[in-house]
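Below: one structure, written as structure tokens.
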Amino acid sequence: MKQAVLVIIKPDGVLKGQVGTIFMKFAQIDLEMIALKIVRPTREKIEEHYRHLKGHKFYEDLISYFMGKYHNVHKLPAIIFYGEKAIQKCRKIAGKTNPEEANPGTIRGACGRITTKGIFENVVHVSSDKSEAKREIKLWFEPEEIPIPLYRSKVKKIDAYKKKVWA
Ligand code: UDP
Ligand code: MG
């Protein structure tokens, strides 16, 4: 069964110039890239993204980190990969959550660090399971941005809908 996984390159990955290297690493596995865009990590979005971590002592610092406050980076590449065992494959390339425990051959092992505050700056986000991938992808992407019918969608008529178009 094919599955989708969300990968977001975190602010430290962008600032350290790792975007190209990360793309190359993911390109080596047999997965399709089915969506790609730059997202703006707002507090609202990140709180929803990490809602299961609310209450942890590192939560507020994690929000600040993902918002780009420590790296002054506020535009993050977000990619959806699709294929057999996509989550397992991408998490393997990313490496363990704690960059000190991650294998040096993985993205997090090679480029991550633990800050003096104790935050794991670990370069990439990768969804942890199928239901989280679905929740996260629906949070960061609109149905029209994904060129396959990945999840159930509906057509909604919105009155007085305004849309930005090229001037
Ligand atoms: N994190 C942290 N300290 C911890 C656990 C997590 O700083 O003890 C951060 C880290 O950046 C991690 C993110 O919180 O990537 C989300 O944690 P999760 O347990 O979901 O790990 P992941 O799925 O990213 O490997
Ligand atoms: Mg996680």
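Data for the structure
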read-out: Every residue from the range 32-65 that is over 15 Å from Ile137 (Cα atoms), away from ligand 1 (no atom under 16 Å from the Cβ) and of a type outside the set (Val, Ile, Thr); value: Glu32, Glu44
read-out: Unmet criterion (only one of (1) touching a strand residue (DSSP E or B) at 6+ places or on another chain (Cβ under 8 Å); (2) within 16 Å of ligand 2 (Cβ to nearest atom); (3) free of Cβ contacts under 8 Å to residues at least 24 places away in the same chain) for Val123; value: (3)
read-out: Contacts under 6 angstrom Cβ, first residue in the range 9-21 being open to solvent by less than 10 Å² (accessible area, probe 1.4 Å), partner in a helix (DSSP H, G or I) and away from ligand 1 (no atom under 15 Å from the Cβ), 6 or more apart; value: Ile9/Val19
read-out: Selected residue [more than 14 Å from ligand 2 (Cβ to nearest atom) and either under 23 Å from Asp30 (Cβ atoms) or within 15 Å of the chain's Cα centre (by Cα) (or both)] from Ala86, Ala167, Ala133, Ala94; value: Ala86
read-out: Any hit, the range 61-70, residues being in a strand (DSSP E or B), touching a Leu at 6+ places or on another chain (Cβ under 8 Å) and open to solvent by less than 10 Å² (accessible area, probe 1.4 Å); value: no
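The values are calculated or read from the model by the stated rules, or taken from the named source; none is laboratory data. Every value quoted in this text rests on a predicted model; they were computed, and no experiment measured them. All Cβ positions, glycine included, derive from the backbone under ideal geometry; neighbour counts span all protein chains shown. Side chains are part of the model used for accessible areas, which takes the heavy atoms of the whole protein and leaves out ligands, DNA and RNA. Shrake-Rupley method; radii C 1.70, N 1.55, O 1.52, S 1.80 Å.
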